[in-house]
Amino acid sequence: MPKLARYPIETIIGDKLRADDGGHARETTLAFHECSFTLKKTGESLLRGVSGAVRTGQVLAVLGPSGSGKTTLLKLLALKAMPAGVSRGLVTLDGQRLSAEGFARQCASVEQTDSLWTYLSCREQLQYAIDLCEPNLDRTERWVATNRLLLALGLESCQDTRVGNALIKGLSGGQKRRLSIGLALAKKPAVLLCDEPTSGLDAASAAAVMRLLKEASERLGTAVVCTLHQPSPSVFARLDLALVLSGGRSAYYGAACELSSFLSSVGRPVPQHTNVADFMLDAVNA
Ligand SMILES: Nc1ncnc2c1ncn2[C@@H]1O[C@H](COP(=O)(O)OP(=O)(O)OP(=O)(O)O)[C@@H](O)[C@H]1O
């Protein structure tokens, strides 16, 4: 087997693109129009007319207080069956209505809780994913692709550590989150949906996960949508777009860097030294 090459992450992911896609990074846009979800039993609306879009190279964060509808929106974007209610609205990929089959073929989602194999190591899990997703590569190429992914995920130091569980010592929470994202990225999805990728992580691990998502969006041509509970200033600074939900409605949708000006424009200027995301969440909670 070839020796594990040590390149900067940019080169590794760039090489992966060149090697696998012939150098053509795709351009993808996921758009959602007037999405609503109403519970059949009570008639309660969990989402009301929410719209937005995200394209290749961008990370869109769905923010909002607990119960504001973030996970419901992500499920709706993934065209998941939600028998408890009725969904309305349109989800498109590059202008075409997205179906559940289309989503399964071209997109990937990472759930709020990691679902990994307790007794397999990082390397073994990623190797399985690459073997499954890259049947046209030969064995050595798949091994190289696995190494590249391990490096891109920053998991090379724990590549032989098994996942573990409450009783068996294994990967840390942040490493598990990155592995879950890596398994989804092995598919090179056009769109990646991540539910709470930073929940339960310390600030440094949360920042590392968001850095990974941003790199994936830029280098792999993946449009990323993630839900976030309370992003730290450093996490918020890495976001391209923010959609803030309040009681299932859109309170803000636009560039993350313009959220502060928006708040000023509606008479709620963000005080100095205040995290704009926290301020917005307090405002919609009030
Ligand atoms: N199948 C369902 N039946 C009844 N209520 C539901 C159902 N699914 C979600 N809800 C309710 O809808 C609201 C929105 O839920 P959702 O999980 O989308 O919120 P969230 O913003 O992701 O919250 P959190 O940040 O706590 O995960 C919550 O009040 C939740 O209890």
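The values are calculated or read from the model by the stated rules, or taken from the named source; none is laboratory data. All values derive from a computational prediction rather than experimental measurement. Ideal geometry is used to build each Cβ from the backbone, glycine not excepted, and the neighbour counts take in all protein chains shown.
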Criterion (more than 19 Å from the chain's Cα centre (by Cα), within 16 Å of the ligand (Cβ to nearest atom) and in a strand (DSSP E or B)) met by exactly one of G43, G49
G49
Can you tell me which condition G67 does not meet? The list is (1) in contact (Cβ under 8 Å) with a residue 12 or more places away in the chain; (2) surrounded by 12 or more Cβ atoms within 10 Å (Cβ to Cβ); (3) farther than 18 Å from P189 by Cα, and all the others hold.
(1)
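In region 72-83, is there at least one residue being within 21 Å of L201 (Cβ to Cβ), within 16 Å of the ligand (Cβ to nearest atom), assigned to a helix (DSSP H, G or I) and at pLDDT 90 or above?
Yes, there is a match, as at least one residue in region 72-83 is within 21 Å of L201 (Cβ to Cβ), within 16 Å of the ligand (Cβ to nearest atom), assigned to a helix (DSSP H, G or I) and at pLDDT 90 or above.
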So is A216 surrounded by 23 or more Cβ atoms within 10 Å (Cβ to Cβ) and in contact with a Leu (Cβ under 6 Å, 6 or more places away or on another chain) or not?
yes
Would you pick out the residues in region 52-64 that are within 16 Å of the ligand (Cβ to nearest atom) and either assigned to a loop (DSSP other than H, G, I, E, B) or out of contact with any Pro (no Cβ under 8 Å at 6 or more places or on another chain) (or both)?
G52, L60, V62, G64
With G89, G67 as the choices, which residue is in a loop (DSSP other than H, G, I, E, B), within 16 Å of the ligand (Cβ to nearest atom) and either closer than 24 Å to M280 by Cα or touching a His at 6+ places or on another chain (Cβ under 8 Å) (or both)?
G67
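Answer with yes or no whether L171 is under 12 Å from S121 (Cβ atoms), of a type in the set (A, V, I, L, M, F, W, C) and within 23 Å of the chain's Cα centre (by Cα). Can you show your working first?
Working: under 12 Å from S121 (Cβ atoms): yes; of a type in the set (A, V, I, L, M, F, W, C): yes; within 23 Å of the chain's Cα centre (by Cα): yes.
Judged against the criteria, L171 is a match.
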Restrict the check to region 94-107 and report whether at least one residue is within 15 Å of the ligand (Cβ to nearest atom), assigned to a loop (DSSP other than H, G, I, E, B), of a type outside the set (V, I, T) and touching a Cys at 6+ places or on another chain (Cβ under 9 Å).
no
Residues being polar (S, T, N, Q), buried (at least 18 other Cβ atoms within 10 Å of the Cβ) and touching a Ser or Thr at 6+ places or on another chain (Cβ under 8 Å) - total across region 88-127
2
Here are some residues: L90, L98, L116, L76. Which one is farther than 20 Å from S36 by Cβ and in contact (Cβ under 8 Å) with a residue 40 or more places away in the chain?
L116
For region 236-253, does any single residue satisfy the condition of being of a type in the set (D, E, K, R) and surrounded by fewer than 15 Cβ atoms within 10 Å (Cβ to Cβ)?
no
When region 142-155 is checked residue by residue, the ones that are free of Cβ contacts under 8 Å to residues at least 40 places away in the same chain and among the charged types (D, E, K, R) are R142
May I ask you to list the residues in region 187-208 that are crowded, with 22+ Cβ neighbours inside 10 Å and either under 26 Å from E134 (Cβ atoms) or at pLDDT 90 or above (or both)?
P189, A190, V191, L192, L193, C194, P197
